[in-house]
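Engineer: Sharing a structure with you now.
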Amino acid sequence: QGKVSVAAISGYFAQGFGVSIVNGLNKAKTDFGIDLKLVDTGNRALDYEEQFANLAKDGKYDLIFVMGWELVDALQKASAAYPNQRFVFIDGVLDSDKMIYANFAEEQGSFIAGALAGMIENKGSAFDKIGDGKAIGFVGGRDIPVIRNFLGGYEQGSKYAAPDITVKPVFAGTFDDPAKGSELTQALYNEGADIVYNVAGPTGEGVMQASAAADKYSIGVDIDMCSTAPGNVLGSMLKRGDIAVYSLIKDEVEGHKVTPGTRTFDLASGGVELKVCDDIAPKIPEEVKAKLDEIKKGIVDGSIKVAKAK
Amino acid sequence: MEVLDKLLNVALLVATLRTTAPILLVGLGGSFTTKAGIFNIGLEGQMLVGAFFAVLGSIWSGSAFVGMLCGVAAALVFALVFALLVVTFRANEVVVGLALNILAGGMTISLMKAVFGTRGSIVGHGIVGLPKVQIPWARELLGSWAPLVSGYTPLVYVAFFAVPLLVLFYRRTRLGLYIRVVGEKPEAAEALGISIARIRYVASLLCGLLAGLAGAHLSLGYITMFTENMSSGRGFMAVAILIFSNGDPLRVLGGCLLFGFADAFSLRLKTFGFPSYLILAVPYAVALVALFALSYRSRPRIIRETLESMRKLLSVEPGRADADNTPST
Amino acid sequence: MSDRLRAVYGQLLAVLFALAIGAIIILMVDESPVKVFMTLLRGAFGDQAKIAGTLLQTTPILICGVAACIGLRGGMFNVGIEGQLFLGGFAAAWVGFALPLPAGIHMLVGLAVATLAGAAWVAIPAFFRARYNTNEVVSTILSNYVAVLLTSYFTIFLFKRPGGWSETPPILPTAYLPELFSFSRLNWGLVIGLVLALSVAWFFRYTSKGYSISMVGSAPKFAEYGGVNVKRQGFLVLLVSGAVGGLAGGVETLGVHHRFMEGFAPGFGFDGLIAALLANGSPIGTIVTALFFGALRSGSLLLEVETTASREIITVIQALIILSVSAQVLMKRRGDSTAGERRWKF
Amino acid sequence: MSDASPSPAPVKPAAAEMAVELIGVTKRFGAFAANDDVSIAVRRGEIHAIIGENGAGKTTLMNVLFGLLQPDEGAIRIEGKDMVMADPAAAIAAGLGMVHQHFKLVPSLSVAENVFLGMEIRRNGLIDHAAQIEKTRELSERFGLRVEPTERVSLLSVGIEQRIEILKVLARGARIIILDEPTAVLTPQESRELFQTLRGFVAGGMTVIFISHHLEEVMEVSDTVTVLRNGKHVATRPTAELTKADLVRMMVGRDVSFARRRRERTAGSVVLEVKNLWARDDRRLPALRDASFTVRAGEIVGIAGVAGNGQTELAEVLTGLRPASHGSAVLKGRDLTTQSPAQIREAGLAHVPGDRMVRGVDGGASISANLLMGRQTRAPWSRNGILDWQVAASQASDMIKRFDIRARGPQDTVKRLSGGNIQKVVLAREFTNDADFLLIDQPTRGVDIGAQESIHDEIMRQRAAGRAVLVISVQLDELLTLADRILVMFNGRIMGEVDGDGADSERIGMMMAGVEAGAATGGAAR
Ligand SMILES: Nc1ncnc2c1ncn2[C@@H]1O[C@H](COP(=O)(O)OP(=O)(O)OP(=O)(O)O)[C@@H](O)[C@H]1O
Ligand SMILES: Nc1ncnc2c1ncn2[C@@H]1O[C@H](COP(=O)(O)OP(=O)(O)OP(=O)(O)O)[C@@H](O)[C@H]1O
Ligand SMILES: [Mg+2]
Ligand SMILES: [Mg+2]
């Protein structure tokens, strides 16, 4: 049994979720000594097919991880052209039954984030840095389905735990303009939303920094962002790309060839979770914590249904 | 009414000043080249390398100030290359400017990959941002209006104070005068032994200085991080302003405030649920409309011409009329 | 003629100079320049499929370059090709999925509508340039941003494929631009580009209208004096340039992607403009420079897979080439060029 | 003393007598020597004229003297001391001042700012505007050059601009003043005023060198004349020893006749009728005011006037390049003010523009491409919109022969030709258009005497062929030579009309200066 060889291709390795995937790949590399090739694609749709061909044509890689919806079209063609090549599509499920899918339930994690934010906002001035705006905010990057998924979960969660809190969502329209993220967040704070959920990639860095500047709250996404604005980050909705890729590679290395099909990474499997920041956790009232645990159980056992955005 | 209250308040004005500052800095930088008769479309790139090297310097030295200097130095190098090609080699300004913009984009990403192993953005890594300036008396004097003058990062103040300084610079200093002369009538400068090339170099470097500061402000003041292409069109916006302000500092300020306001205001509209992509286009659209509106027979000029016309008629014409009426000699 | 040879020779030297600096930069990011350049070559011309890939990359640059040439020859700097390309691309997609038509006709209508979209988008800047002398460089640059955001808006809010990523529904196969070979996506777009380049070159050299327009470009006051309606020609030049920019988008949509994707082709407009500038506004020369850029782009794809150097190194090298050639063009042929003259005064 | 001026002489006895000595100056542009071993000595306190044909190298020589160009060989001595004129600053320091042919004033600055540009008076590092204004006023009073120091230059007349240029030179303490064609843009009266001033200067011990094409002027004003031909020094003589004919012979190398052309009155029907025409200039100020006149077939009507008095605007309105604000100009029944340039050309107008490099040619294009302009849509040059370059080239060859254009061939780039030859390209194109009406703006501007003659002959031929010709010129001599009738323009108005035969240049000069001639013959100001 030869050395396992893995490639990963995406345009987003530098952004939250991509970072966690790279972390997982690197961990697998150190732990199992696999060959690893990371390919950062640009944003030109014209390039993708050639890039896939370059990766797949020698059959050099056992697994090729693919992340990013703009690659889907080229991926499907490559998968048809190189039927023996196994592709892992991260963060979604496509029509083809020849691929491996690592699917995340970001709406579930966002549901809990929404519930937490709603309940804290509900405390009003009883909670440090909270005003009486009765609103929580959301800053999305581009207005696209995945981000809508986050928003949907967030809204459902807040409605579930604190029905009289309104959610104010905004979309920056770009993932690359932190200054815009900061301005938007400050505008939300001005309108009485004291907690803002950041689902905006690099734009979202502006959200975190704005929360520190305005001394209000933010919720991070994808990776642990507690350190970006200590004291101002309530928690982070982790989307554990690292766990997903690591476990797949582990299976492969251990000789269980990964076969086509969908793997779901949700609250139950630990693929998504809400991590409350350590510096905030002590301040959170017990009943809120209890409620969060209850919700989590409910989602895991299916008694609480979280809908994906259509 | 309530909606208006929510839209128009101190916070909006503060946001306007915040969004204005980076464009203003780079716009004032461009004022030097514009006045010196150089069309500098490379502002965008100078700003971008300024932002990148400011972050790099800040990480390396642990000091925001040193970071700022690094940003300025990088922008100055770009400005020098620009001047070298445009002034010495007489290459086309638009070509060189666009190429430098492309270079800035590619270079920052390559370096980011070489230094940090990733692309996209640099956050954390011990970047030290510029501190906020709290003006002690602001609270007492202005009450709830205090945020209007207090609590910005230093380069915001620099941007706004640079405006009167530049006015003075052009009116009362020799260098300022020479820059204007070189732009308006190079032959005059040449005949008097003023080196056109040297003045253009100086103007270009001064431009690089302010563009570098604008970049440093973007990555250390406005926000504390670097992302790919984080100047996102601000340099181009500044060029548009420069065209219809002709580089006059006060008019540059006016133009920048207009866009700062459009930007800040449109962001607030977003919270009302307007489609983000259309809102995002607002500042560019405002810039375009302003460009078109002002070039529609360039209004200030027509007023000036009419005044001149009237002055001529009043002061000189009567004498001529006399000459017309007295058939003598 | 020997002047021209000397100019070409000089440009080659300039390119070599830029490559040398590029090599130094590659060394600085810890890669072997030889390996990088060899990989580039192999990635661009390594085999049949790679060559086709290079030509595929060349196509949009070429068409955008021709669009830029038209502008440059008529004295107009159309920096808005990018935006025209996006709108053209969207318009073609819309025709492709929303207007069922017989095969062939469908494709032609798609290209025609793309062309119209490009022209329509540049019409306002063109009008203000012609009528009030509004600097078209700035107005077209700014309109790029608006165009790209507008197509994003159309795509995501109005015409999104249900369940899809930020893209429109796929176009009907009746609207496809036929492919040239079985082993590549290379399609008739390349032929369109080449024919366009040749006919534009012919137009400027051998027609009365072309003569008038190039006079408007090189000596506007002289043309005006000679009875050419400078404002109208200027307007038309920008309009046609924009139309060709739109056509480039249509070709990409109907030939390659078969749908419109948000942000699908960033930078082709700028690449085209620069290819045209390096060719000094000559459509024939643009064929060469576009091919050069296409090869760089396509070679960089293999570079990414086989070395640790990033694609951006290529962007850097490209920028260096433009810079050294831009200085060079004017050293040798100062004043002979339509594009190279410094006409940007306030 | 002049021709004897030796090559680098070891000792020059009366060295201090000499303000400027140029010794063996050679300046080459590529292989071409614009100045070839030129040696001239200018005595202190004299007015020294330099004359020569176009391209003789006058301006080049002065540019070398003033440090704007570096000589390839030769030396410069100022007041007996050897100097290297590395740049204009060195020349200024040596006591030289130069008033250029084209003024170098900054329009948006005030008179005082212009005067002190490059040597600003500063207090605490800032420019002291008040002091500059004060000093300018002082200077202008001391030298009798009236100007208002606070006025913006863009609002002033050329005459005043020249005063400012001279003030600039004086403010820098110049003792030796160089003027390159100072009178080209002045009225005769203004010229006389200028020479008055210059005489004042030399009386005060200063030295004046001036370049001119106006031989009368040279005869009248200068003490010494230097003649250049083809870059070589021909002679330097006291003016008193010479006649005008001598000067011409030395300049051209042969005799040239300046006699008025003999002519018969052949005027036929009215071709062009201009009525109450008004127009604005680029600044949108009224520049052409209520002009009315006619031009008939077979006659030449001249328009005299100092540059900038509305002649350009008149020409532009007639050719459709500028809208008229009021009035009409009817050419063979068509009102030109409502037509486009193309339509006007079709109606039968040919136009030789005043500014040939901007309007007249595309410098970067070939001679055949330039000759094609205006006929690119007509047979045989073009059929069905396709150009026939062969026809264009063969016709270009014909014209090169007929108009004696000195070029290598029809493919030669126009910008490589000398000024006179470029003008001939323009004339060739316009004179072969078979137009009934010729509008010729500055037919011989910048063209040397030899070429002038042939251009004038060609214009007379057009007249003889029954064309209506309108000639605009700032050179009164030229109009006196050519025109059947002369209209004088001042400040946008037609001040009066003078019959070409027996015209009195003094009276025309008065009108050019804005004084209405009492006995002006009615016709024009109707
Ligand atoms: N920078 C230059 N490069 C090449 N040739 C030049 C340059 N300057 C002048 N010449 C040439 O040198 C010759 C002398 O020019 P110069 O301007 O001295 O003539 P001039 O006697 O002043 O003529 P004019 O009476 O027309 O003013 C001309 O043939 C001109 O074409
Ligand atoms: N700044 C000034 N200093 C001294 N005298 C002046 C000044 N401005 C004008 N004058 C006098 O007034 C007269 C008229 O000047 P003005 O420039 O208005 O006329 P102009 O140049 O003939 O007009 P135009 O340029 O419209 O034909 C001049 O001849 C001059 O004597
Ligand atoms: Mg001269
Ligand atoms: Mg005047």
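The values are calculated or read from the model by the stated rules, or taken from the named source; none is laboratory data. Keep in mind that what you see is a predicted model, and the values were worked out from it rather than measured. Methodologically, a virtual Cβ is constructed for each residue, glycine included, from the backbone with ideal geometry; neighbour enumeration extends over all protein chains shown. We work out accessible area using only protein heavy atoms, side chains counted, and drop any ligands, DNA or RNA first. Shrake-Rupley method; radii C 1.70, N 1.55, O 1.52, S 1.80 Å.
Engineer: On the basis of being surrounded by fewer than 20 Cβ atoms within 10 Å (Cβ to Cβ) and either of a type in the set (Phe, Trp, Tyr) or within 20 Å of D:Gly509 (Cα to Cα) (or both), does D:Glu216 make the cut?
Structural biologist: Yes.
Engineer: Then there's this: For the range C:149-172, enumerate the residues that are open to solvent by 40 Å² or more (accessible area, probe 1.4 Å), in contact (Cβ under 8 Å) with a residue 24 or more places away in the chain and away from chain A (no Cβ under 11 Å).
Structural biologist: C:Leu150, C:Phe154, C:Phe159, C:Leu172
Engineer: Have a look at A:Ile136, A:Ile120, A:Ile130, A:Ile90 and point out the one that is under 28 Å from B:Pro275 (Cβ atoms) and among the hydrophobic types (A, V, I, L, M, F, W, C).
Structural biologist: On the way: A:Ile120 fails: under 28 Å from B:Pro275 (Cβ atoms); A:Ile130 fails: under 28 Å from B:Pro275 (Cβ atoms); A:Ile90 fails: under 28 Å from B:Pro275 (Cβ atoms).
Selected residue: A:Ile136, the only one of A:Ile136, A:Ile120, A:Ile130, A:Ile90 that is under 28 Å from B:Pro275 (Cβ atoms) and among the hydrophobic types (A, V, I, L, M, F, W, C).
Engineer: Let me ask another. Name the single residue that is farthest from the other protein chains (Cβ to nearest Cβ) among those in the range A:33-51 being over 14 Å from A:Val72 (Cα atoms) and within 24 Å of the chain's Cα centre (by Cα).
Structural biologist: Looking at the filtered set, the residue picked out is A:Leu36.
Engineer: Taking the condition of being surrounded by fewer than 18 Cβ atoms within 10 Å (Cβ to Cβ), more than 20 Å from D:Leu198 (Cβ to Cβ) and either without any contact (Cβ under 8 Å) to a residue 12 or more places away in the chain or of a type in the set (Asp, Glu) (or both), how many residues in the range D:82-106 meet it? Write out each step before concluding.
Structural biologist: Looking only at the range D:82-106, we keep the residues that are surrounded by fewer than 18 Cβ atoms within 10 Å (Cβ to Cβ), and these are D:82, D:84, D:86-87, D:89-90, D:93, D:101-102.
Checking the rest, the ones that are also more than 20 Å from D:Leu198 (Cβ to Cβ) come to D:82, D:84, D:86-87, D:89-90, D:93.
Subset that is either without any contact (Cβ under 8 Å) to a residue 12 or more places away in the chain or of a type in the set (Asp, Glu) (or both): D:82, D:84, D:87, D:93.
Qualifying residue count for the region: 4.
Engineer: Provide a single number: the residues in the range D:154-177 that are within 12 Å of chain B (Cβ to nearest Cβ) and more than 13 Å from ligand 4 (Cβ to nearest atom).
Structural biologist: 5
Engineer: Yes or no: the range B:2-22 includes at least one residue that is closer than 29 Å to C:Val29 by Cα, of a type in the set (D, E, K, R) and open to solvent by 10 Å² or more (accessible area, probe 1.4 Å). Even if it seems obvious, please write down each step before you answer.
Structural biologist: Let us first name the residues in the range B:2-22 that are closer than 29 Å to C:Val29 by Cα, namely none.
Checked the range B:2-22: no residue is closer than 29 Å to C:Val29 by Cα, of a type in the set (D, E, K, R) and open to solvent by 10 Å² or more (accessible area, probe 1.4 Å).
Engineer: Next question, about the same structure. Can you pull out every residue in the range C:298-315 that is within 21 Å of C:Gly65 (Cα to Cα) and either among the polar types (S, T, N, Q) or at pLDDT below 90 (or both)? Let's see the steps before the verdict.
Structural biologist: To start, the set of residues in the range C:298-315 that are within 21 Å of C:Gly65 (Cα to Cα) comprises C:298-300, C:314-315.
C:Ser298, C:Ser300, C:Ile314, C:Thr315 - these are the residues of the range C:298-315 that are within 21 Å of C:Gly65 (Cα to Cα) and either among the polar types (S, T, N, Q) or at pLDDT below 90 (or both).
Engineer: All but one of (1) under 23 Å from the mean Cα position of the chain (by Cα); (2) open to solvent by 30 Å² or more (accessible area, probe 1.4 Å) hold for A:Thr30, so report the exception by its number.
Structural biologist: Against the list (1) under 23 Å from the mean Cα position of the chain (by Cα); (2) open to solvent by 30 Å² or more (accessible area, probe 1.4 Å), A:Thr30 comes up short only on (1).
Engineer: Right, next: Answer yes if at least one residue in the range D:185-203 is within 16 Å of ligand 3 (Cβ to nearest atom) and away from chain B (no Cβ under 14 Å), and no otherwise.
Structural biologist: yes
Engineer: Within 14 Å of D:Ala171 (Cα to Cα) and within 16 Å of ligand 3 (Cβ to nearest atom) - does that describe any residue in the range D:88-99?
Structural biologist: yes
Engineer: If we keep just the residues of the range D:284-305 that are in contact (Cβ under 8 Å) with a residue 24 or more places away in the chain and more than 21 Å from D:Leu438 (Cα to Cα), which is nearest to ligand 1 (Cβ to nearest atom)?
Structural biologist: D:Ala287
Engineer: Take the residues in the range D:81-110 that are touching a strand residue (DSSP E or B) at 6+ places or on another chain (Cβ under 8 Å) and within 16 Å of ligand 2 (Cβ to nearest atom), then tell me which one is farthest from the other protein chains (Cβ to nearest Cβ).
Structural biologist: My answer is D:Ser110.
Engineer: Next question. Pull up the range D:281-310, narrow it to residues that are within 10 Å of ligand 2 (Cβ to nearest atom) and of a type in the set (A, V, I, L, M), then point me to the one that is farthest from D:Gly509 (Cα to Cα).
Structural biologist: Looking at residues that are within 10 Å of ligand 2 (Cβ to nearest atom) and of a type in the set (A, V, I, L, M), I get D:Leu285.
Engineer: Moving on to the next point. Do you know which residues across the range D:19-69 are within 7 Å of ligand 1 (Cβ to nearest atom), open to solvent by less than 20 Å² (accessible area, probe 1.4 Å) and either in a helix (DSSP H, G or I) or farther than 17 Å from D:Ser212 by Cα (or both)?
Structural biologist: D:Ala34, D:Lys58, D:Leu61
Engineer: Within the range C:186-209, can you find the residues that are surrounded by fewer than 22 Cβ atoms within 10 Å (Cβ to Cβ), of a type outside the set (A, V, I, L, M, F, W, C) and part of a helix (DSSP H, G or I)?
Structural biologist: C:Ser199, C:Arg205, C:Tyr206, C:Ser208, C:Lys209
Engineer: Considering (1) modelled with pLDDT of 90 or more; (2) surrounded by 23 or more Cβ atoms within 10 Å (Cβ to Cβ), say which one C:Gly285 fails and leave the rest.
Structural biologist: (2)
Engineer: Residue check: is D:Gln395 more than 9 Å from chain C (Cβ to nearest Cβ), in contact (Cβ under 8 Å) with a residue 24 or more places away in the chain and over 22 Å from D:Val447 (Cβ atoms)?
Structural biologist: Yes, satisfied.
Engineer: While we're here: Any residue in the range D:190-198 that is in a loop (DSSP other than H, G, I, E, B) and either within 24 Å of the chain's Cα centre (by Cα) or modelled with pLDDT under 90 (or both)? Don't jump to the end; show me each part of the working.
Structural biologist: The first filter runs over the range D:190-198 and keeps only residues in a loop (DSSP other than H, G, I, E, B), leaving none.
No - not one qualifying residue is present in the range D:190-198.
Engineer: Hey, another quick one. Being open to solvent by 20 Å² or more (accessible area, probe 1.4 Å), modelled with pLDDT of 80 or more and more than 12 Å from A:Gly173 (Cα to Cα) is the filter here; which residues of the range B:270-287 pass it?
Structural biologist: B:Val282, B:Tyr284, B:Ala285, B:Val286
Engineer: Shifting gears a bit: Give the residues of the range D:382-409 that are assigned to a loop (DSSP other than H, G, I, E, B) and open to solvent by 30 Å² or more (accessible area, probe 1.4 Å), sorted by residue number.
Structural biologist: D:Asn384, D:Gly385, D:Asp388, D:Asp404, D:Arg406, D:Ala407, D:Arg408
Engineer: Among the residues of the range A:202-229, write down those that are out of contact with any Ser or Thr (no Cβ under 8 Å at 6 or more places or on another chain) and facing chain B (nearest Cβ under 9 Å).
Structural biologist: Correct list: A:Ser227, A:Thr228.
Engineer: I need the full set of residues from the range B:78-112 which are facing chain C (nearest Cβ under 7 Å), over 22 Å from B:Met230 (Cα atoms) and not hydrophobic (A, V, I, L, M, F, W, C), in order please.
Structural biologist: Across the range B:78-112, the qualifying residues are B:Arg90, B:Asn92, B:Glu93.
Yes or no, residue by residue, for (1) over 24 Å from B:Leu24 (Cβ atoms); (2) within 14 Å of another protein chain (Cβ to nearest Cβ); (3) in contact (Cβ under 8 Å) with a residue 60 or more places away in the chain:
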| residue | (1), (2), (3) |
| --- | --- |
| B:Val149 | no, no, no |
| B:Pro154 | no, no, yes |
| B:Tyr170 | no, yes, yes |
| B:Leu175 | no, yes, no |
| B:Gly183 | no, yes, yes |
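Engineer: Among what's in the range C:89-129 and is closer than 15 Å to C:Thr140 by Cα and β-branched (Val, Ile, Thr), pick the residue that is surrounded by the fewest Cβ atoms within 10 Å (Cβ to Cβ).
Structural biologist: C:Ile124
Engineer: Here's a follow-up. Residues being open to solvent by less than 20 Å² (accessible area, probe 1.4 Å), modelled with pLDDT under 90 and outside any helix (DSSP H, G or I): count how many of those fall in the range A:57-78.
Structural biologist: The number of residues fulfilling the criteria is 1.
Engineer: Tally up the residues in the range D:125-153 that are surrounded by 14 or more Cβ atoms within 10 Å (Cβ to Cβ) and within 16 Å of ligand 4 (Cβ to nearest atom), please.
Structural biologist: 5
Engineer: Within the range B:47-70, which residues are open to solvent by 30 Å² or more (accessible area, probe 1.4 Å), part of a helix (DSSP H, G or I) and among the polar types (S, T, N, Q)? Explain how you work it out, then say what you get.
Structural biologist: Quick first cut of the range B:47-70, residues open to solvent by 30 Å² or more (accessible area, probe 1.4 Å) only: B:53, B:56, B:59-63, B:65-66, B:69-70.
Among the residues that remain, those that are also part of a helix (DSSP H, G or I) are: B:53, B:56, B:59-61, B:65-66, B:69-70.
If the condition is that a residue be open to solvent by 30 Å² or more (accessible area, probe 1.4 Å), part of a helix (DSSP H, G or I) and among the polar types (S, T, N, Q), then B:Ser61 is the only one that fits.
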